[in-house]
Each structure stands twice: as C-alpha cells, then as structure tokens.
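The values are calculated or read from the model by the stated rules, or taken from the named source; none is laboratory data. Because the structure is a prediction, the values reported are computed rather than measured. In this analysis, Cβ positions are derived from the backbone assuming ideal geometry, glycine residues included, and neighbour counts consider all displayed protein chains. These area figures cover heavy atoms from the full protein model, side chains too; ligands, DNA and RNA do not enter into them. Shrake-Rupley method; radii C 1.70, N 1.55, O 1.52, S 1.80 Å.
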Amino acid sequence: MAQLKTMLDQNENFVLLDVRTPAEFVQDGRVAQSILIPLQELEQRLNELPTDKPIVCICRSGNRSATACDLLRSRGYEAINVAGGMRAWKAAGYSIVFGQ
C-alpha cells in the first residue's frame, strides 16, 4: 500500500486496476487514478490493459487483487498487489473519491 502511494506521488507510469465489484467501486470509494475491471471479468477483458507498463491491482482487502496478479503474471504482465487493499489505503488516511 505504501508502494502504491509512492508510485502515485512520483507520477510513475503504471495502471491502477481495481478488481472489486462495480457497487464497491462506486459506493465504497476508490483511488482516483484507478480503473475498474471486476475480477470475474478480468480474463475476458485483458485486451483493455497495456502490456508495456506495470499493472497495480487493488481490491477491498488484498485477496481478489492477489488472484488478479496471479492471472496477469500467468499471461506475461508485470503485476503488483496492493496488500491490505482499500481497507489499508483508507486506514492510512490516503485520499479516495466516490462515484464513477
């Protein structure tokens, strides 16, 4: 989670992939730069992700994003899991946005 904050602060070139459900994404808040592809849709939507930069995966607690990272790595992506997920992000006091 601290690694993600550092990457955002340093404006690194990566994709922040939120793999929660659409309801969680909208109602529970998200990191501003994140894009939503729910975990259950990820395999069918891999073509939406670039292959030339890291994919940082986040979910509520880190479990679904770990699964997403395993899938992405098996397909040749560089994937980084945000351990602790949005719970840890919020607990650290980092900013979140609500809505689409």
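Can you tell me which residues in segment 1-44 are among the small types (Gly, Ala, Ser) and within 9 Å of the chain's Cα centre (by Cα)?
Within segment 1-44, 34 is the sole residue that qualifies.
Using the structure shown, decide if residue 69 is within 17 Å of residue 4 (Cβ to Cβ) and part of a strand (DSSP E or B).
No.
Search segment 72-86 for residues being assigned to a loop (DSSP other than H, G, I, E, B) and under 19 Å from residue 24 (Cβ atoms), and hand back the single one that is most open to solvent (accessible area, probe 1.4 Å).
83
How do the pairs read when you match residues in segment 47-71 that are β-branched (Val, Ile, Thr) with residues anywhere that are at pLDDT below 95 and not in a helix (DSSP H, G or I), using Cβ under 9 Å and keeping only pairs 6 or more apart or on different chains?
So the pair list comes out as 58/1.
Return the pairs, sorted by first residue and then second, in which the second residue is modelled with pLDDT of 95 or more, the first residue lies in segment 15-30 and is open to solvent by 30 Å² or more (accessible area, probe 1.4 Å), the beta carbons are less than 6 Å apart, and the residues are 6+ apart or on different chains.
Close Cβ pairs (under 6 Å, with a partner that is modelled with pLDDT of 95 or more) amount to 21/38.
How about segment 33-66: which of its residues are in contact with a Cys (Cβ under 8 Å, 6 or more places away or on another chain), open to solvent by less than 10 Å² (accessible area, probe 1.4 Å) and farther than 21 Å from residue 7 by Cα?
None - no residue of segment 33-66 is in contact with a Cys (Cβ under 8 Å, 6 or more places away or on another chain), open to solvent by less than 10 Å² (accessible area, probe 1.4 Å) and farther than 21 Å from residue 7 by Cα, so the list stays empty.
Read through the list (1) buried (at least 18 other Cβ atoms within 10 Å of the Cβ); (2) at pLDDT below 95, then give the number of the only condition that residue 89 fails.
Checking residue 89 against (1) buried (at least 18 other Cβ atoms within 10 Å of the Cβ); (2) at pLDDT below 95, the one that fails is (2).
A quick yes/no check of all residues on (1) part of a helix (DSSP H, G or I); (2) out of contact with any Lys or Arg (no Cβ under 8 Å at 6 or more places or on another chain); (3) among the aliphatic types (A, V, I, L, M):
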position: 8; (1), (2), (3): yes, yes, yes
position: 11; (1), (2), (3): no, yes, no
position: 16; (1), (2), (3): no, yes, yes
position: 20; (1), (2), (3): no, no, no
position: 26; (1), (2), (3): yes, yes, yes
position: 40; (1), (2), (3): yes, yes, no
position: 45; (1), (2), (3): yes, yes, no
position: 52; (1), (2), (3): no, yes, no
position: 56; (1), (2), (3): no, yes, yes
